[in-house]
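Q: First the structure, which I've put down as structure tokens, then a few questions once you've had a look.
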Amino acid sequence: MNTHAINTHAILAIYKFEMSRTLRTIWQSIVSPVISTSLYFVVFGAAIGSRITEIEGVAYGAFIVPGLIMLMLLTQSTMNASFGIYFPRFTGTIYELLSAPVSSFEIACGYVGAAATKSIILGLIILATSWLFVPLHIAHPFWMLTFLVLTAITFSLFGFIIGIWADGFEQLQIIPLLIITPLTFLGGTFYSTHVLPPFWQTVTLFNPVVYLISGFRWSFFEIADVSPLVSLGMTLVFLCVCLVTIWWIFKTGYRLKK
Amino acid sequence: MEPGLARARTAAYMPVAAPLLLREKSMTSIISINGLSKTYASGFQALKSINLDIKRGEIFALLGPNGAGKTTLIGVICGIVNPTAGTVTVDGHDIAGDYRAARSLIGLVPQELTTDAFETVWATVSFSRGLFGKPKNPAYIEKILKDLSLWDKKDNKIMTLSGGMKRRVLIAKALSHEPQVLFLDEPTAGVDVELRKDMWQVVRDLRASGVTIILTTHYIEEAEDMADRIGVISKGEIILVENKAELMRKLGKKQLTLHLQKPLDAVPAELAAHNLALADDGNELVFTYDTNAERTGVTALLSDLARLNIRFRDLQTTQSSLEDIFIGLVTDRPAASAGVAP
Ligand SMILES: Nc1ncnc2c1ncn2[C@@H]1O[C@H](COP(=O)(O)OP(=O)(O)O)[C@@H](O)[C@H]1O
Ligand SMILES: [Mg+2]
């Protein structure tokens with residue numbers, strides 16, 4: 001083996017291992033998020049949508065689609081990736097990863113790649129499901145996919161970090177439950193932040209999820225809370241922060257090595 | 001390739017000089033451990049400045065009681081435990097600076113039965129091969145599984161296997177990438193006879209193909225059966241490294257037991273010069289002697305006995321096993337170091 005080349009066999013091995021785990025748990029993995037998204041649709045889209053007819057010229061049912069996809073994307077990416085790396089730590093099979101000739105980059109590629117793949121597929125399935133409920137028009141399909149992929153990768157990286165940090169299954173659940181979901185709800189999943197009083201609009205700008213949802217929604221309807229370029233920039237910043245954290249974790253062996 | 005070969009030949013014909021000696025050293029030892037220490041986060045020092053060389057192609061048994069630091073030492077070499085100080089090279093590759101080259105040479109069978117549950121045997125062994133950067137080779141994996149009597153279980157999920165079968169799977173995983181060095185950490189702890197036999201056959205075949213094997217155990221018979229060299233570790237220190245035969249010879253005390261016709265109350269004063277003890281309520285006289293000594297003293301003892309008219313019905317000699325040596329070393333240790341302490 002060329003000692004300087006990337007160990008692509010290892011990346012593929014981890015990726016396939018993780019994808020086969022997904023396939024084994026296909027019901028939890030794909031079906032339950034689709035069902036819960038559909039429920040959101042029925043409740044928010046149909047019930048509330050009958051009162052709020054449109055936001056900034058977009059039918060309310062359609063308006064919430066990007067937010068719902070983001071909500072699922074963020075929670076699923078975080079949960080999948082965190083579980084993927086936490087489980088070998090929990091069972092002890094992590095010994096093999098640590099003793100293998102693989103770099104942190106390659107390990108992260110395998111786990112994060114698989115988690116992101118799953119989230120992206122899930123996002124597209126939810127998008128297709130939405131189509132059954134509301135007519136949708138995607139103004140910028142390229143940017144829609146870019147935001148989808150970047151967000152999936154970023155939050156899979158984030159989940160990977162959580163999976164390394166966590167000391168128990170409770171901690172794995174806590175982050176998506178207590179941080180991601182509230183931030184997503186408050187980040188404009190179901191409303192435009194423009195409807196908030198000015199003070200709360202400013203507070204909202206500290207919520208990173210606002211940038212993700214805003215950019216993603218812009219790619220559908222060309223309406224946004226913040227400029228799409230700012231959204232893109234912020235997404236890339238989160239991505240880099242996660243990458244640097246992972247690099248540091250493997251460099252120091254934090255929570256991995258004894 | 002050619003120039004390197006030529007250089008090597010020239011070197012072989014060079015007059016004996018320091019560089020040649022250095023070269024030979026690196027040719028014969030595949031693992032070099034220098035000044036290796038490990039202090040765990042708890043403050044416990046599990047390894048105390050270990051220096052050890054493992055020779056290419058040998059079976060090295062690391063013997064030591066529980067908690068001596070065997071697993072920690074292996075963990076450091078394999079990249080699972082961060083060392084506090086010191087260096088390790090594997091075939092000349094530093095385990096930190098050149099970890100890819102170092103680790104791709106190593107296969108590890110861990111002490112604990114840590115396996116995936118839901119994967120099949122075939123999938124988990126193939127996964128290991130990929131992880132270590134090797135392209136697919138189903139024929140090779142098939143051979144390993146057959147050698148380890150796992151072939152008919154290849155499509156079974158690991159969680160359905162017995163403990164012994166899981167141990168086999170771990171060995172198959174460790175061999176999946178054709179390592180040059182194999183670590184077996186307590187491979188036979190809680191393992192049935194069948195597996196022991198299979199495993200030692202695999203180990204012998206591996207050794208015959210040039211693979212270096214390092215095994216830890218606290219079962220002495222295993223070391224006695226299998227090893228070329230033995231290292232004894234106790235409280236984080238290597239207290240002895242020796243060829244097995246040499247060790248047996250050097251430390252091998254022999255005992256001559258005389259079954260007396262009439263019991264004795266005490267060792268007669270006339271026999272005080274001999275290393276004697278009474279056993280079995282004075283019915284046995286036990287003479288301990290060193291087989292390596294120029295004079296064992298057996299003749300002198302027997303003639304002294306004849307002179308004192310002490311008769312015996314029968315006699316028997318026993319040689320101390322590695323176990324006795326080992327227990328002697330490990331239990332003598334605190335006394336010895338207490339003696340040195342100021
Ligand atoms: N993660 C750890 N943290 C603190 N102490 C540890 C840790 N792992 C092992 N030890 C201690 O280090 C010593 C050596 O352990 P180990 O290497 O497992 O010994 P052996 O394999 O020879 O039985 C033991 O006293 C053990 O309690
Ligand atoms: Mg151990």
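Q: What is the Cα radius of gyration of segment B:45-90 over 2.2 N^0.38 Å, N being its residue count?
A: On the way: Rg = 10.9 Å, N = 46, 2.2 N^0.38 = 9.4 Å.
In units of the globular-protein estimate, segment B:45-90 measures up at 1.16.
Q: Hey, what did segment A:113-258 get for relative contact order, percent, Cα under 8 Å, at least 6 apart?
A: Values: 120 pairs, mean separation 42.5, N = 146.
Relative CO of segment A:113-258 lands at 29 percent.
Q: Can you give the direction-averaged projected area of the convex hull of the alpha-carbon atoms in segment B:89-232, in nm²? Please list the in-between numbers first.
A: Working: hull surface 35.3 nm².
So the mean shadow area of the Cα hull is 8.8 nm².
Q: What's the Cα-based Rg to Rh of chain A, Rh via Kirkwood? Provide the component values of the computation, followed by the final result.
A: Numbers: Rg = 19.0 Å, Rh = 19.0 Å.
Ratio of gyration radius to Kirkwood radius for chain A: 1.00.
Q: Still on this structure, I have one more. Can you tell me, using C-alpha contacts under 8 Å and at least 6 residues apart, the relative contact order of segment A:52-120 as a whole percent?
A: Details: 22 pairs, mean separation 25.9, N = 69.
Normalised by residue count, the contact order of segment A:52-120 is 38 percent.
Q: Also, quick follow-up: Rg and Dmax of segment A:18-126, Cα atoms, in Å?
A: Rg then Dmax for segment A:18-126, in Å: 18.0, 59.
Q: I've got another one for you. Using the Kirkwood radius over C-alpha pairs as Rh, can you work out the diffusion coefficient of chain B via Stokes-Einstein at 25 °C, viscosity 0.890 mPa s, in µm² per second?
A: Values: Rh = 23.4 Å.
Estimated diffusion coefficient is 105 µm²/s.
Q: I've got another one for you. Compute the distance in nm between two label points, each set 7 Å from the Cα along the Cα-to-Cβ direction, one at A:A5 and one at A:K251.
A: Using points 7 Å along Cα→Cβ, the separation is 2.8 nm.
Q: Let me ask another. Two decimals, Cα atoms only, Kirkwood Rh: what is Rg/Rh over segment B:179-300?
A: Working: Rg = 20.8 Å, Rh = 18.1 Å.
My calculation of the ratio gives 1.15.
Q: Angle between the Cα long axis of helix A:208-221 and the longest principal axis of chain A, 0 to 90 degrees, nearest 10?
A: 60
Q: Which order results if B:Y140, A:Y254 are arranged by neighbouring Cβ count within 10 Å, fewest first? Spell out each step's value before the answer.
A: Values: B:Y140 16, A:Y254 13.
Ordered from fewest to most neighbouring Cβ atoms within 10 Å, B:Y140, A:Y254 come out as A:Y254, B:Y140.
Q: Follow-up. Counting pairs of alpha carbon atoms under 8 Å apart in space and at least six apart in sequence, what relative contact order in percent does segment B:129-273 give?
A: Values: 99 pairs, mean separation 23.7, N = 145.
Taking the mean separation of contacting Cα pairs over the length of segment B:129-273, I get 16 percent.
Q: For a quick size check, give me the Cα extents of the protein assembly as shown along its three principal axes, largest first, whole Å.
A: 122, 63, 57
Q: OK, next. Which one, B:L240, B:L108, B:L305, has the greatest fluctuation when you compute a Gaussian network model over chain B with C-alpha springs under 10 angstrom?
A: Maximum among the listed residues: B:L305.
Q: Now for a separate question. At A:T146 and B:Y40, where each label point lies 7 Å from the Cα along Cα→Cβ, what is the point-to-point distance in nanometres?
A: About 5.1 nm separates the two model spin labels.
Q: Using C-alpha positions alone, give me the convex hull volume of segment B:104-153 per residue in cubic angstrom. Show your work: numbers first, answer last.
A: Working: hull volume 4.8 nm³, N = 50.
Cα convex hull per residue, to the nearest whole number: 96 Å³.
Q: So which residue, out of B:P187, B:P268, B:P65, gets the largest mean-square fluctuation from a GNM of chain B using Cα contacts under 10 Å as springs?
A: Residue with maximal mean-square fluctuation among B:P187, B:P268, B:P65: B:P268.
Q: Taking the radius of gyration and the Kirkwood hydrodynamic radius from Cα positions alone, what is the Rg/Rh ratio for segment A:108-258, to two decimal places? Each step should come with its number before you reach the end.
A: Values: Rg = 16.6 Å, Rh = 16.7 Å.
Ratio value, two decimals: 0.99.
Q: Mind jotting down the distance between the C-alpha centroids of segment A:29-53 and segment A:66-112, whole Å?
A: Spelled out, the Cα-based centre of one part sits 29 Å from the other.
Here, each number is a calculation from the coordinates, and none is a lab measurement. It should be emphasised that the depicted structure is a prediction, and the values quoted were computed from it without experimental measurement. In this analysis, Cβ positions are derived from the backbone assuming ideal geometry, glycine residues included, and neighbour counts consider all displayed protein chains.
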